[in-house]
1. Tell me the residue from His133, His118 that is in contact with a Phe, Trp or Tyr (Cβ under 8 Å, 6 or more places away or on another chain), closer than 19 Å to Ile50 by Cα and of a type outside the set (Gly, Ala, Ser), please.
2. Those residues that are out of contact with any helix residue (DSSP H, G or I) (no Cβ under 9 Å at 6 or more places or on another chain) and open to solvent by 70 Å² or more (accessible area, probe 1.4 Å), I need them from the range 152-165; list them, please.
3. From Lys195, Lys202, Lys178, grab the single residue that is in contact with a strand residue (DSSP E or B) (Cβ under 6 Å, 6 or more places away or on another chain), surrounded by fewer than 23 Cβ atoms within 10 Å (Cβ to Cβ) and at pLDDT 95 or above.
4. Residue by residue through the range 47-78, note down the ones that are within 15 Å of His133 (Cα to Cα) and in a loop (DSSP other than H, G, I, E, B).
5. Looking only at the range 175-199, count how many residues are more than 15 Å from the chain's Cα centre (by Cα), in contact (Cβ under 8 Å) with a residue 12 or more places away in the chain and assigned to a loop (DSSP other than H, G, I, E, B).
6. Can you report the number of residues in the range 181-192 which are in contact with a His (Cβ under 9 Å, 6 or more places away or on another chain) and open to solvent by 60 Å² or more (accessible area, probe 1.4 Å)?
7. Failed condition for Ile139, given (1) open to solvent by 70 Å² or more (accessible area, probe 1.4 Å); (2) assigned to a strand (DSSP E or B); (3) among the β-branched types (Val, Ile, Thr), with all others met?
8. Report the residue count in the range 59-87 for those that are among the charged types (D, E, K, R) and open to solvent by less than 50 Å² (accessible area, probe 1.4 Å).
Amino acid sequence: MKKRIVLCLAMAGIFPAVQAQTVVIDSQVTLAEALAGSSAPQEVLDSLAIADVEYYSFDGKLHRGQIVIHKTLKEDVIHLFRFMRNQRFPIESAIPIRFDKPNDGTSMDTLNNSYSFHYRRISTSGNGSRSVHSYGMAIDINPYNNPAVLANGKVIPQGGTYDRDIPGTLADTSPVVKEFIRLGWTWGGNWTSLKDYMHFEKKLP
């Protein structure tokens, strides 16, 4: 009865009706669709989950995207994206990467896209080791705002610029970085051999 009275008052213009916020959909796929074409072993694919996340993008609008992540880290990801949304920390997009080649389907090379699972070798070293991204245990946030800077000065992705004064950039003083670390994640911006400002990882025990 109470809900009916409030609704009638809203219709009468006494209480203004609450307008639902429009959400821009960046990604809305199933886990199977997100993993289609991956060469990862079946045991790796079986360990993954997909998380629906919301964030404010650089256009100031609320967006909805998806992160493919290791099953054990899904709740962390949902919490962290909710934290970033509440902080109004801008995320360009969160769209799963569908392919395995470093330059074929990784939106790091074309868009400022945030992602987790990507079955590939480590791009910041030449030792050929498999990236933690290959197991859904790492997240890269806004790569162009938070590039990796190697010891030789090379910047990945090419054209990325690290400027703490630009929204969407991570720093050791950022509430976002502190929240990741509080949950047990390691931030690449704290590494000494190189700086990978976009990168967070959390390896399983």
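The values are calculated or read from the model by the stated rules, or taken from the named source; none is laboratory data. Everything numeric here is computed off the predicted structure, so don't read it as measured data. Reconstructed Cβ throughout: ideal geometry from the backbone, glycine too, with neighbour counts over all protein chains shown. When the accessible area is computed, the model is the full protein with side chains, heavy atoms only, and any ligands, DNA or RNA have been set aside. Shrake-Rupley method; radii C 1.70, N 1.55, O 1.52, S 1.80 Å.
1. None of the other options fit; the residue is His133.
2. Asn152, Lys154, Thr161, Arg164, Asp165
3. Values: Lys202 fails: in contact with a strand residue (DSSP E or B) (Cβ under 6 Å, 6 or more places away or on another chain); Lys178 fails: in contact with a strand residue (DSSP E or B) (Cβ under 6 Å, 6 or more places away or on another chain).
None of the other options fit; the residue is Lys195.
4. Residue satisfying the conditions is Ser47 alone.
5. 4
6. To start, the set of residues in the range 181-192 that are in contact with a His (Cβ under 9 Å, 6 or more places away or on another chain) comprises 183, 186-189, 191.
From the residues that got through so far, the ones that are open to solvent by 60 Å² or more (accessible area, probe 1.4 Å) too are 186, 191.
Result for the range 181-192: 2.
7. (1)
8. Of the residues in the range 59-87, 1 are among the charged types (D, E, K, R) and open to solvent by less than 50 Å² (accessible area, probe 1.4 Å).
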